[in-house]
Amino acid sequence: MSVKGFLRYIKRAVLRRAERSRILIDPGGKNVAVANYKCGFTSMNRCLPQWDKCIDDGQHLRRYLDTHRDLIVHMIVRDPVVRFQSFVHGWFIDKGPVFFERRQQREMSNFAYDNLTKLGGPEAAQKVEDLVEASDLDGLYHFLTHDFPLDRYIGLNEHTVQQSRLITAGGDFIPVHYFYDLDSPDAMGDFSKRLGVKFPVSNQSSRTRHEVSPAARAKLETIYADDYRLLAGIFQRSSNP
């Protein structure tokens with residue numbers, strides 16, 4: 001475990017100070033709700049405010065389920081390409097390299113641009129900024145998928161890492177009883193009914209606003225191959241993109 005991961009675990013499991021989590025545990029001992037960033041993470045935390053936030057990764061989830069075998073696992077998911085588009089719009093197009101964080105009421109450095117610099121140098125971040133400024137979204141997606149090490153980039157933050165990573169432990173997927181497609185009102189209605197809550201209406205602005213080219217889509221489907229293997233039946237895609 002990294003130093004960052006260890007400190008996060010102490011904050012959650014020992015100090016109990018985590019405000020939000022990708023894994024929420026029902027205090028009634030019946031359910032676990034799971035959602036990655038850009039997959040209804042904020043909305044899930046908002047509608048389940050009293051649920052336990054002690055864990056936030058697959059390894060600790062597996063250990064917890066080993067001693068709480070009756071829990072039903074619910075996971076909110078999203079088509080990986082649509083999720084990546086949501087990330088691009090939310091963190092490259094709607095925010096600059098420095099932006100004002102309303103929740104913390106202060107200016108913050110944009111991790112999405114910082115990670116571009118980490119892997120591609122200042123010129124990579126500047127390239128993305130220039131493409132956004134020119135409203136060249138085709139060029140932006142082409143650069144990210146063909147001229148930049150996107151396969152390394154996505155692992156640097158929870159906003160882009162594979163959804164399957166959150167429920168992977170020891171090389172295997174942790175069993176999930178119910179999957180819910182965030183962009184399906186019917187699916188999210190089922191989530192609300194089964195958990196006895198009202199899931200907030202999905203933010204329409206976070207959905208895809210620009211269709212990516214076939215070449216960019218093919219590259220993204222390759223990068224997110226594990227997600228498509230896990231979620232093939234939900235998104236009616238081949239399990240071997």
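The values are calculated or read from the model by the stated rules, or taken from the named source; none is laboratory data. Fair warning: this is a prediction, and the values are worked out from it, not measured in the lab. Neighbour counts are summed over all protein chains in view; Cβ atoms, including those assigned to glycine, are modelled from backbone coordinates with ideal geometry.
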#### Entry: Search result, residues across segment 22-76 that are among the hydrophobic types (A, V, I, L, M, F, W, C) and part of a helix (DSSP H, G or I)
41, 44, 47, 61, 65
### Message
Return the pair list, or none, for Cβ contacts closer than 6 Å from residues in segment 170-185 that are not assigned by TED's automatic domain parsing to the domain that holds residue 23 and loosely packed, with under 13 Cβ neighbours inside 10 Å to residues that are modelled with pLDDT of 95 or more and not hydrophobic (A, V, I, L, M, F, W, C), at least 6 apart or on different chains.
### Response
none
### Message
Could you check segment 112-157 and list, in sequence order, the residues that are surrounded by fewer than 16 Cβ atoms within 10 Å (Cβ to Cβ), assigned to a loop (DSSP other than H, G, I, E, B) and not small (Gly, Ala, Ser)?
### Response
136, 147, 149, 157
## Note on the structure
Within segment 88-98, restricting to residues that are surrounded by 15 or more Cβ atoms within 10 Å (Cβ to Cβ) and over 20 Å from residue 216 (Cα atoms), the one that is nearest to the chain's Cα centre (by Cα) is 95
### Summary
How many residues of segment 59-87 are crowded, with 18+ Cβ neighbours inside 10 Å and among the basic types (Lys, Arg)? The answer is 2
### Task
Inspect segment 105-124 for any residue being basic (Lys, Arg) and modelled with pLDDT under 95 and give the result as yes or no.
yes
### Message
So residue 216 passes all but one of these: (1) at pLDDT 95 or above; (2) in a loop (DSSP other than H, G, I, E, B). Which condition number does it fail?
### Response
(2)
### Task
Return the total of residues in segment 23-38 being touching a Lys or Arg at 6+ places or on another chain (Cβ under 9 Å), buried (at least 24 other Cβ atoms within 10 Å of the Cβ) and hydrophobic (A, V, I, L, M, F, W, C).
4
